[in-house]
Amino acid sequence: QKEVEQDPGTLSVPEGAIVSLNCTYSNSAFQYFMWYRQYSRKGPELLMYTYSSGNKEDGRFTAQVDKSSKYISLFIRDSQPSDSATYLCAMSSTSGGTSYGKLTFGQGTILTVHP
Amino acid sequence: NAGVMQNPRHLVRRRGQEARLRCSPMKGHSHVYWYRQLPEEGLKFMVYLQKENIIDESGMPKERFSAEFPKEGPSILRIQQVVRGDSAAYFCASSPSQGGTDTQYFGPGTRLTVL
C-alpha cells in the first residue's frame, strides 16, 4: 500500500465546473500538506500549503485537511481551461529520525478543463 | 528574484556514461532536495542536503548515485554508468530552512534520456 493515494487519476470537466481532488494517507506523522500544480514538462509549482486540520482558501482554490480521517482535498471553483495541468498532493513530517523535510507525493491527477 | 535553476534542461547519455545534474537553489536557501519522476509515476524523494552535508539519502539507489552540495557552487546529482531505467525527469527543490516548516520550491527539472 502506498503511503499517499490520490484520486481520481484523470478528470475532465467543462469550464466553470467545481473540481474536487483528493488524497488519503496512512502515515499519521504527516503534519504539513501541500498541493502543487505541474504543467506539462515543467517543474511543480506550489499552490496551497496547510498545517493541521481545517480549511484554507486562496482565490478560487480551497484546501481541506481532515487529520482524523487522514484525508485532504483541493477544490477549484469556476474552473478555467488554464487550470488544465497535473495536480499533486504532497506531505511532510517533522517527527522522527532524519526523514523530516522530505515530501511524499501522491501519484497526481491529470485535470482537463474543456471550453 | 531568480527561482531554482537546473542545468542542463535536457541530457542525453549512452548506457555506461556518467550524468551530472546541477541545481542552484533560490537566493537565501540553504536546503536542497532532489526528486525523480519516472514516466507514469509520481515524484519520489531521493536526497536532502545542506551545505557540505547529506541529511537524508534514504531515497537514493544504493549504487551508482551520489549527491553533493559544496560550500561554494551548485548542488550536483551524479549518476555513474547510466542504464536505460535511469531515464526520467530529475527535479531539484530548495527551502530556506527545514522543509517541514518551510515550503519547497522546485526547479524546471533535467530530463535525462539514456540511449
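Just checking, does the stretch B:50-61 include any residue being more than 9 Å from chain A (Cβ to nearest Cβ) and in contact (Cβ under 8 Å) with a residue 24 or more places away in the chain?
No, every residue in the stretch B:50-61 fails to be more than 9 Å from chain A (Cβ to nearest Cβ) and in contact (Cβ under 8 Å) with a residue 24 or more places away in the chain.
Which residue pairs have Cβ atoms closer than 6 Å, lie 6 or more positions apart in sequence or on different chains, and pair a first residue in the stretch A:41-70 that is over 16 Å from A:Phe105 (Cβ atoms) with a second residue that is in a loop (DSSP other than H, G, I, E, B) and of a type outside the set (Ser, Thr, Tyr)?
Short answer, once both residue conditions are applied: A:Ser53/A:Lys67; A:Arg60/A:Arg77; A:Arg60/A:Asp78.
Looking at A:Ala85, is it within 18 Å of B:Gln37 (Cβ to Cβ), surrounded by 21 or more Cβ atoms within 10 Å (Cβ to Cβ), without any contact (Cβ under 8 Å) to a residue 60 or more places away in the chain and of a type in the set (A, V, I, L, M)? Talk me through it step by step, then tell me what you get.
Details: within 18 Å of B:Gln37 (Cβ to Cβ): yes; surrounded by 21 or more Cβ atoms within 10 Å (Cβ to Cβ): yes; without any contact (Cβ under 8 Å) to a residue 60 or more places away in the chain: yes; of a type in the set (A, V, I, L, M): yes.
Spelling it out, A:Ala85 is indeed within 18 Å of B:Gln37 (Cβ to Cβ), surrounded by 21 or more Cβ atoms within 10 Å (Cβ to Cβ), without any contact (Cβ under 8 Å) to a residue 60 or more places away in the chain and of a type in the set (A, V, I, L, M).
Given the residues A:Tyr36, A:Tyr32, A:Tyr51, which is the only one that is within 9 Å of chain B (Cβ to nearest Cβ), surrounded by 20 or more Cβ atoms within 10 Å (Cβ to Cβ) and more than 30 Å from B:His10 (Cβ to Cβ)?
A:Tyr32
For (1) farther than 25 Å from A:Glu3 by Cβ; (2) among the basic types (Lys, Arg); (3) at pLDDT 95 or above, each residue gets a yes or a no:
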{"site": "B:Arg13", "(1), (2), (3)": "yes, yes, yes"}
{"site": "B:Gly16", "(1), (2), (3)": "yes, no, yes"}
{"site": "B:Lys27", "(1), (2), (3)": "yes, yes, no"}
{"site": "B:Leu43", "(1), (2), (3)": "no, no, no"}
{"site": "B:Pro70", "(1), (2), (3)": "yes, no, no"}
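Could you grab the pairs with beta carbons closer than 8 Å, sequence gap of 6+ or different chains, first residue in the stretch B:24-42 and more than 10 Å from chain A (Cβ to nearest Cβ) and β-branched (Val, Ile, Thr), second one part of a loop (DSSP other than H, G, I, E, B) and crowded, with 20+ Cβ neighbours inside 10 Å?
Here the result reads B:Val32/B:Pro25; B:Val32/B:Phe69, each pair linking the stretch B:24-42 to a residue that is part of a loop (DSSP other than H, G, I, E, B) and crowded, with 20+ Cβ neighbours inside 10 Å.
Can we say A:Gln38 is in contact with a Pro (Cβ under 6 Å, 6 or more places away or on another chain), closer than 25 Å to B:Ser58 by Cβ and either among the polar types (S, T, N, Q) or in contact (Cβ under 8 Å) with a residue 60 or more places away in the chain (or both)? I'd like the intermediate steps shown before the answer.
On the way: in contact with a Pro (Cβ under 6 Å, 6 or more places away or on another chain): yes; closer than 25 Å to B:Ser58 by Cβ: yes; either among the polar types (S, T, N, Q) or in contact (Cβ under 8 Å) with a residue 60 or more places away in the chain (or both): yes.
For A:Gln38, the condition - in contact with a Pro (Cβ under 6 Å, 6 or more places away or on another chain), closer than 25 Å to B:Ser58 by Cβ and either among the polar types (S, T, N, Q) or in contact (Cβ under 8 Å) with a residue 60 or more places away in the chain (or both) - is met.
What's the total number of residues in the stretch B:56-92 that are more than 22 Å from B:Val12 (Cα to Cα) and surrounded by 21 or more Cβ atoms within 10 Å (Cβ to Cβ)? Steps first, answer last, please.
Filtering the stretch B:56-92 for residues more than 22 Å from B:Val12 (Cα to Cα) gives B:56-59, B:62, B:69-73.
Those left that are additionally surrounded by 21 or more Cβ atoms within 10 Å (Cβ to Cβ): B:69.
Count: 1.
Within the stretch A:11-21, work out how many residues are surrounded by fewer than 17 Cβ atoms within 10 Å (Cβ to Cβ) and closer than 19 Å to A:Gly108 by Cβ.
The number of residues fulfilling the criteria is 2.
The values are calculated or read from the model by the stated rules, or taken from the named source; none is laboratory data. Because the structure is a prediction, the values reported are computed rather than measured. Note that each Cβ is placed from the backbone with ideal geometry, even for glycine, and that neighbours are counted across all protein chains shown.
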